[in-house]
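> Have a look at this one before I ask anything.
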Amino acid sequence: MQILRETDFPSVNDLYRSLKAEPMDFSEEQEKVREILESVKKEGDRALIRFIKEFEGLDLSPERLKVSSEEFQSCEEKVSRDFASAVKFIIKNVTTFHKKQTVESFFCDTEEGARIGQVVKPIDRVGVYIPGGRASYPSTAIMAIVPARVAGVHEICVCTPADRRG
């Protein structure tokens, strides 16, 4: 292990150059991702199920791609009241914060008589990916979903990888 000292580098640029790694080539990965996206565009859920089996080792049916109302209900029953209260408290605070960030539409007239301004309009839908696998990340869900709700997004689709039980 090498210990770096401030005196070893006369400038920040010298430090940056000493730490800079060679550029990596991701062309093979980019091509694979392009192929996956094209397959999903063409085949929809069939391709998605095939890739889940290939990458995750899970054999899911199309019905298992979406969480059912019964599964939501079952999860709500398993969560402690303390945890549910904490999540509601966090959501309230995150909502309060993001409401302060909202930007509104405005219009004004210039001295020359031109009308100028901006229109702020939320997009209709967003997709939110919540990483998963060995752990769950409710904080990531909150920090991605709440701002979209505050912004007025009408449809929010949340995706997360299945666990070993599907």
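> Can you count the Lys pairs in the chain with C-alpha separation below 17 Å, eight or more apart or on different chains?
Lysine pairs meeting the criterion: 9.
> Estimate the FRET efficiency between A86 and I36 by the formula 1/(1 + (r/R0)^6), using the beta-carbon distance for r and 25 Å for R0, to the nearest 0.05.
0.10
> Taking H placed 1.01 Å from N in the peptide plane, check which residues at least 5 places from V158 or on another chain put their amide H under 5 Å from its amide H.
It is V128, by chain and number.
> Please give the charge dipole size of the chain, origin at the Cα centre, charges +1 on K and R Cβ atoms and -1 on D and E Cβ atoms. Round to the nearest 20 debye.
600 debye
> Of all accessible surface on the chain at a 1.4 Å probe, what whole percent is carbon and sulfur?
Carbon and sulfur together cover 56 percent of it.
> Would you mind getting the accessible area per residue of the chain, heavy atoms of the protein chains only, 1.4 Å probe, in Å²?
87 Å²
> Can I ask one more? Quote the charge dipole size of the stretch 90-154 about the Cα centre in Debye, to the nearest 20; the model charges only the Cβ of Lys and Arg (+1) and of Asp and Glu (-1).
That gives a dipole near 560 debye.
> Okay, moving on. Starting from the Cα of L60, move 7 Å in the Cα-to-Cβ direction to define the label point; list residues of the stretch 132-148 whose amide nitrogen is under 12 Å from there.
Only 132-133 pass the distance filter.
The values are calculated or read from the model by the stated rules, or taken from the named source; none is laboratory data. All figures in this text were calculated on a predicted structure; none of them were measured in a lab. Backbone-built Cβ (ideal geometry, glycine too); neighbour counts: all protein chains shown. In case anyone asks, the SASA skips ligands and DNA or RNA and just uses the protein heavy atoms, side chains included. Shrake-Rupley method; radii C 1.70, N 1.55, O 1.52, S 1.80 Å.
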